[in-house]
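Note sheet for the following structure.
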Amino acid sequence: MLLFLDIDGVMIPAKGWKSPEFLKDGFPAFSAKATHALQSLISEDVTVMLTTSHKAKFTIEEWKSIFKNRGIYIDKIKSLPENFNNLSRKEEITNWFNLNSVNEDFIILDDDKSLNELPNFLKENLVQTSPYIGLTEEHLD
């Protein structure tokens, strides 16, 4: 399974009144609820495809370490290409699917409202979080 993962608003709830807590690696802590929910989705068959705007700031090995430091163990991590053209998240994901054939199940975890305009075959696999709450167990259904 492919799991397209945003970070801000999914793993790190947006709380405009409060700065996020940063861990020693210089990246914000994930919410406990989001960590638990994501870890329950991870298995040997899952490849996490990073869609976050932070995706190009770290190497894949650094991302593995960031997740591990937050209690999430992921063997297979990939990333959408760097967004040099400032595309919307919808455009980034749609372009990726237009260029890649996907023969496995996939989930898109994101809080970006532009994803409501995804083509139906993608939108039916979208789990949209509230940016103020992030990923929770309720989203796993």
At q = 0.17, 0.25, 0.28, 0.29 Å⁻¹, base-10 log of I(q)/I(0) for the stretch 78-124 (Debye sum, equal scatterers on each alpha carbon): -0.50, -1.11, -1.35, -1.42
Unit charges at the beta carbon, dipole of the stretch 1-139: most positive-side option, T136, L3, N120: T136
Neighbour count of at most 11 Cβ within 10 Å plus DSSP loop: longest GluC sites (Glu not before Pro)-free window in the chain: 45-81
Computed over the chain, Kirkwood Rh from alpha-carbon pairs, angstrom: 15.3 Å
Two-decimal ratio, the stretch 17-76, of alpha-carbon radius of gyration to 2.2 N^0.38 Å: 1.13
Solvent exposure ordering (accessible area, 1.4 Å, most first) of K113, K76, K24, K55: K24, K113, K76, K55
Calculated [θ] (222 nm, deg cm²/dmol) that DSSP helices of n ≥ 4 give over the chain, each run adding -39,500 (n - 2.57): -7000 deg cm²/dmol
Length released on extending from D141 to N85, taking residue separation times 0.36 nm less the Cα-Cα span: 16.7 nm
Mean separation of Cα contacts under 8 Å, 6 or more apart, over the residue count of the chain: relative contact order %: 38 percent
Given charges at beta-carbon only (K, R positive; D, E negative), |dipole| of the chain in Debye: 500 debye
Amide proton proximity set for K76, modelled H, under 5 Å, gap of 5+: V48
Folded to 0 to 90 degrees: helix 60-69 orientation relative to the chain principal axis, Cα: 50 degrees
Listed residues D6, D25, D45, D141 arranged by accessible area, highest first, probe 1.4 Å: D141, D45, D25, D6
Accessible carbon and sulfur surface of the stretch 1-127 relative to its total accessible area, %, 1.4 Å: 49 percent
Sequence-distant residues sharing a close amide H with F106 (under 5 Å, placed H): L2
Sum of side-chain charges, K90 neighbourhood, beta-carbon under 14 Å (Lys, Arg +1; Asp, Glu -1): -4
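The values are calculated or read from the model by the stated rules, or taken from the named source; none is laboratory data. Note that the structure is predicted; figures quoted are calculated from it, not measured. Quick reminder, even Gly has a Cβ in these numbers, built from the backbone with ideal geometry, and neighbours come from all protein chains shown. The area values use the complete protein model at the heavy-atom level, side chains included, leaving out ligands, DNA and RNA. Shrake-Rupley method; radii C 1.70, N 1.55, O 1.52, S 1.80 Å.
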